[in-house]
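Only one structure is covered here, and it is reproduced in the block below.
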Amino acid sequence: MFTKYFMKYAHHFHAYQPGDIVYVKDGDGSKPIEYEERRSSVAIKIRGEEVRGENWTRAMLYSYEHIADTLSRMKGISIDIEPFTVLMLLRYHRKAFEETVSLLEKFDAVPTTPFHPIVPHLDEFEQRILARVSFDFYAPLTGNKPVVGYWLPEAVITRGSAEIVESSTDKRLVFLLDERQLLYDFPQAKYSCNRYSNSFVFGREWGLSDAFAFNTLDVPGLIEGTLGRRDDYKESLGVPYLVFTASDLESLLGNPAQLDRFTAWMEGLEGNGVERVSAMEFVKKKLTGEFKRLDGECEFEMGVKDYSAWSDYFDLSLDGKTSDSRWLGYRRVDGKVFAREVEGRRISQLWKVAFTRLFEELNRIVRLGVLEGLKDFNVNAEEFLVRYARIFFKDYYDYFGIETSMDYVLEPANGEKKALKLGRIYYLMLLANHSCPRFWENLDTRVAFGNVSVMAKALIELMNYFNDEKRNIFVEAYLKLLNFGRLYHLWNLGSLPALEGWETSEKAWNSALKPEVPNSGYNVVTRAALYVGKRDVKGELKALIGPYNLEWAVADTGHIPGERHGHWENQEWCEHRD
């Protein structure tokens, strides 16, 4: 007999591709950046069809056409796509971009932070810029909706970061998180409309989400697992409640049958009397009274663990909650550096400690350099840097007929065109803060190379912008990229506590930095900085790279373990064919 449940169901898809940048071309800041991409051919299979790309990013973006076709028949879906990913989709596959825009307009489009950094790891100045840009970018897709979602990259959140996001919009927000980030004070809060700060919050059912993403349950198992979340108390009261799951959009490409599995799962829920609504639609209906509320519902204050995430190394948790340890390289609760296993090899994550600290330092140096330069023009720096997004993402804004004129962008800079170069440099720094290098356990990856390459470009452009004594600050910063391996002694990393005792030894450090390609003896940070430097460092600055073997300055990297299922032309390493 058919039963109609008061249970509602929502699924959120998070989409992000960092790109395969190996080198950013020169520019004066008046136009969007141009860059050279990695050429390392790879293919994936979807429903038996091979989708091939010049690199991993292209293959993923080409596959969005298949995803859009499937999801267009769904409901109760919300999607966020990181803005640089949207821009690449527009440039490389306009048809898929237009289909994706239609999808976002049909479903709940969820704003997310541009460039996919770990937001709480950034300075508050960057957080304010990026929050404002995220809502400006998504304005054509969120329209007049009073309640919208927000996706913080990797769902890493603090109350301070959430409040910065809240202050950047007049909409009511729903932060989409993982249930392991939430601090339930009483059972009825689960699956309900819960308040967090001045917004609302939902935590995904991580067991169900992972079962789909990693293919550990078949379709009947997914349906049964979802129905097993039934809340008999709320059912008896006739109070709607929401079971929420989430996964990467790319989880639909994990194997050729994934799209069909997801479709069958959703149809199976509907066939069992479960209505599908997005988390934002659920909250809106609770607020308007269309959905009956428990006493106090939507006023329940939900605690959220600061610096928690949706995809941490949960086996390292001491409190049953997640943290940002995956991106730090050490366990936040006790500061101990740990190791992870990759293809039978134990790799100390000490390199993440250094990578995180270095990029925090480089971000600060670039920001201060940009702000120092903007002082000369009596600029409203924050407003100008927000508006510069209209140049960086110009093709996207032009598609929607949104203002991108120089008059608009330069108004806070009093019309001074020299400010454009500084805006470009600042956005290069933001682009260099993708979270993904520290997501993976091995350092030598295409994503680490991309971050370093772009940051090196920003520093070299600052060297060239300042011809006085200020130049030395940026020279020293660039040298730290070139000499990444020496940071072990410079920062006394060997004194840090280690989980098993060996992870902070010099041997462990050197092993983690060892190159995974046959044609270079340099670690990937040095390699990427030198790859840019050999083209861009000129004149007297050429002495900076003089001691290095430029034949080892190649863009080849190791493969990312999570991309091994792709059919790579070169299975041994992720090459770049010049």
**Message:** Need the full-extension length gain, Phe400 to Glu569, defined as separation in residues times 0.36 nm minus the C-alpha distance. One decimal, nm.
**Reply:** 57.0 nm
**Message:** Give me a comma-separated list of calculated 3J(HN,Hα) values for segment 107-122, in order, Karplus coefficients 6.51, -1.76, 1.60 applied at θ = phi - 60°, integers in Hz, x for any Gly or Pro.
**Reply:** 9, 8, 6, 10, x, 8, 5, x, 6, 6, x, 7, 4, x, 7, 8
**Fill in**
Quarter of the surface of the C-alpha convex hull for segment 14-146, i.e. direction-averaged projected area in nm², equals 9.9
**Complete:** For segment 156-164, in residue order, the Karplus 3J(HN,Hα) values (coefficients 6.51, -1.76, 1.60; θ = phi - 60°; whole Hz; Gly and Pro = x) are 6, 9, 9, 4, x, 5, 4, 5, 5
**Request:** Give Lys418/Lys480; Lys190/Lys305; Lys418/Lys538; Lys8/Lys75 a once-over and call out the pairs whose C-alpha atoms are over 20 Å from each other.
**Result:** Lys418/Lys480; Lys418/Lys538
**Message:** At 7 Å along Cα-to-Cβ for each site, give me the label-to-label distance between Glu267 and Asn414 in nm.
**Reply:** 6.5
**Prompt:** With charges set only on the Cβ (+1 for Lys and Arg, -1 for Asp and Glu), what does the dipole of segment 305-367 come to about its Cα centre, in debye to the nearest 20?
**Reply:** 160
**Request:** Give, rounded to the nearest 20 debye, the magnitude of the charge dipole that the chain has about its Cα centre when Lys and Arg contribute +1 at Cβ and Asp and Glu contribute -1 at Cβ.
**Result:** 340
**Straight-distance crosslink candidates among aspartates and glutamates, where the alpha carbon sits under 14 Å from Lys95 and sequence neighbours closer than 8 are dropped** = Glu65, Asp69
**Asked** What percent does the relative contact order of segment 191-295 come to when contacts are Cα pairs within less than 8 Å and at least six residues apart?
**Response** 32
**Prompt:** For the residue pair Asp123 and Asp578, what label-to-label distance in nm results when each label sits 7 Å from Cα along the Cα-to-beta-carbon direction?
**Reply:** 3.6
**In segment 49-112, trypsin sites (Lys or Arg not before Pro) in a DSSP loop with at most 12 other beta-carbon atoms within 10 Å** = Arg73
**Item:** Compactness of segment 433-569, expressed as Rg and Dmax over alpha-carbon positions, Å
**Value:** 16.1, 51
**Complete:** Counting only residues 5 or more apart in sequence or on a different chain, those whose built amide H sits under 5 Å from that of Gly149 are Val174
**Computed lengthening from Asn519 to Asp185, 0.36 nm per intervening residue step minus Cα-Cα distance** = 114.6 nm
**Prompt:** Among Gly203, Ser168, Gly373, which residue has its Cα positioned farthest towards the positive end of the charge dipole of the chain, with +1 placed on the Cβ of Lys and Arg, -1 on the Cβ of Asp and Glu, and the dipole taken about the Cα centre?
**Reply:** Gly373
**Fill in**
Inter-part gap, Cα centre of segment 269-332 to Cα centre of segment 1-78, in whole angstrom, is 24
**Fill in**
Quick tally, 1.4 Å probe accessible area for Glu54, Glu382, sorted with the most first, runs Glu54, Glu382
**Request:** Hey, can you find the accessible area per residue of segment 1-140 for me, probe 1.4 Å, expressed in square angstrom?
**Result:** 33
**Message:** So with the 1.4 Å probe, I'd like the accessible area per residue for segment 221-282, rounded to whole Å².
**Reply:** 31
**Asked** Of Ala477, Tyr531, Ser134, which is farthest on the positive side of the dipole of the chain, counting Cα position, with +1 on Lys and Arg Cβ, -1 on Asp and Glu Cβ, and the Cα centre as origin?
**Response** Ala477
**Leading residue at positive end of dipole, the chain (Cβ point charges), from Ala59, Gly268, Cys574** = Cys574
**Prompt:** In whole Å, how far is the Cα centre of segment 361-415 from that of segment 537-559?
**Reply:** 31
**Request:** Pop a pseudo-label 7 angstrom from the Cα along the beta-carbon direction at both Asp295 and Ala543 and give the gap in nm to one decimal.
**Result:** 7.9
**Dimensionless Rg over Rh [the chain; C-alpha; Kirkwood]** = 0.96
**Request:** Please list 302-308, 459-465 highest first by mean number of surrounding beta-carbon atoms within 10 Å per residue.
**Result:** 459-465, 302-308
**Prompt:** To the nearest 20 debye, what is the magnitude of the charge dipole of segment 294-415 about its Cα centre, counting +1 on the Cβ of each Lys and Arg and -1 on the Cβ of each Asp and Glu?
**Reply:** 940
**Request:** Using R₀ = 60 Å, calculate the FRET efficiency as 1/(1 + (r/R₀)^6) where r is the Cβ-Cβ separation of Leu550 and Asp170; round to 0.05.
**Result:** 0.70
**Request:** Pop out the carbon and sulfur fraction of the accessible area of segment 213-343 as a percent, whole number, probe 1.4 Å.
**Result:** 48
**Message:** If you count only protein heavy atoms and use a 1.4 Å probe, how large is the accessible surface of Leu316, to the nearest 10 Å²?
**Reply:** 20
**Item:** Using θ = phi - 60° and Karplus 6.51 cos²θ - 1.76 cosθ + 1.60, couplings along segment 435-443 (whole Hz; Gly, Pro as x)
**Value:** 6, 5, x, 8, 6, 8, 7, 9, 6
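The values are calculated or read from the model by the stated rules, or taken from the named source; none is laboratory data. Since we're looking at a predicted model, the values are computed, not measured. Positions of Cβ are generated from backbone atoms using ideal geometry, with glycine treated the same way; all protein chains shown enter the neighbour counts. With ligands, DNA and RNA removed, areas are computed over all heavy atoms of the protein, side chains included. Shrake-Rupley method; radii C 1.70, N 1.55, O 1.52, S 1.80 Å.
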